[in-house]
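Q: Sending over a structure as structure tokens; questions will come in a sec.
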Amino acid sequence: MSYTTLQIERAGQVATVWMNRPELHNAMNEHLIGDLTAVFRDLNHDDSVRVIVLAGRGKSFSAGADLDWMRRAAGYSEAQNLEDAGKLAAMLKGIYRSKKPVIARIHGAAMAGGTGLTAVCDIAIATEAAKFALTEVRLGLIPATIGPYVADAIGWRQARRYFLTAERIDAATAERIGLVHEVVDEAALDERVAEVAAELCRGGPHALSAAKELLGALRHSSPFADELLSDTAHRIAAIRITEEAREGLTAFFDKRPPRWVKD
């Protein structure tokens, strides 16, 4: 497949999706949203890909919404805006619910929608100079479609602050509040992303997908819910009898890598 706003690089079982609008700091418009929706759908159906990395060409990860796109949207009817927002929401959902682990490789600005892209990825690794913000209220808007993911990442108490103040969030603060997992020197960013991707590739493909589904179930329930405890018992019972689990256990006892681990 070809994408007008993206470049795809492959290194073994890892596919890196480069947002490729460097002159506009990878700001999002309908074309980038459409391409991101398509590429995550395509990569999720590609068995040769185990891990997806989301990255940005140029000086920024993503500066948020494209100004021309926002200017045009200001003239849309409510119905047109709803259709437009629905496509953005579908793109974010597609990344968040990817069956394969997704790593955000973040440098430079990750503002507004860029903060949202950070939050929908499973793992976020940023440089020390990365910066984030939820700037929507300063434009008379709200961080609506990205809101569920950002609030889930940083917690409701922090969301109450940053949704309202729109203040800049430096990389150290982003790590402290849970928006990113690690902050590294810029020179070490690619190496660290590759190391984490390699760790992910050691997991069973179906087990990683099942673990993501498990997280969804845990997020919406409680250890006080007997239904959840029963569900988790059923999940482990079902996965234990799969071919992948049998291979993983056999490999462990044989002291060898399982078949899904490639050199």
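The values are calculated or read from the model by the stated rules, or taken from the named source; none is laboratory data. This structure is a prediction, so every number in the text was calculated from the model and none was measured. Cβ placement follows ideal geometry from the backbone for every residue including glycine, while neighbour counts extend to all protein chains displayed. When the accessible area is computed, the model is the full protein with side chains, heavy atoms only, and any ligands, DNA or RNA have been set aside. Shrake-Rupley method; radii C 1.70, N 1.55, O 1.52, S 1.80 Å.
Q: Hey, got the Cα dimensions of the range 148-263 along the principal axes, in Å, largest first?
A: Answer, in whole Å and largest first: 53, 45, 16 Å.
Q: What does the net charge come to around GLU175 if you take all other residues with beta carbon closer than 12 Å to its beta carbon, with K and R at +1 and D and E at -1?
A: On the way: positive: ARG176; negative: GLU128, ASP170, GLU182.
That works out to -2.
Q: Could I have the simple spin-label model distance between ALA233 and LEU215, label points 7 Å from Cα toward Cβ, reported in nm to one decimal?
A: Label at ALA233, label at LEU215, 2.7 nm between them.
Q: While we're looking at this one, here's another question. Rounded to the nearest 500, what is the 222 nm mean residue ellipticity of the chain from helices alone, with -39500 (n - 2.57) per DSSP H run of 4+ residues and division by all residues?
A: -15000 deg cm²/dmol
Q: Taking every Cα atom in the chain, find the radius of gyration and the maximum pairwise distance Dmax, and write them in Å.
A: 19.3, 65
Q: Test of understanding: in a Gaussian network model of the chain with alpha carbons linked when under 10 Å, which of LEU215, LEU200, LEU179 would top the mean-square fluctuation ranking?
A: Comparing LEU215, LEU200, LEU179 in a Gaussian network model of the chain, the most mobile one is LEU215.
Q: Report Rg(Cα)/(2.2 N^0.38 Å) for the range 1-83, keeping two decimals.
A: So the range 1-83 has a normalised radius of gyration of 1.22.
Q: I would also like to ask the following. Could you provide, to the nearest whole Å², the per residue accessible area of the chain with probe 1.4 Å?
A: In whole numbers, the chain has 55 Å² accessible per residue.
Q: Moving on. Round to a whole number: what % of the accessible area of the chain belongs to carbon and sulfur, probe 1.4 Å?
A: Percent of accessible area from carbon and sulfur atoms in the chain: 57.
Q: Let me ask something else about it. Which net charge results for the neighbourhood of GLY94, defined as the other residues with beta-carbon distances under 14 angstrom from its beta-carbon, given Lys and Arg at +1 and Asp and Glu at -1?
A: +4
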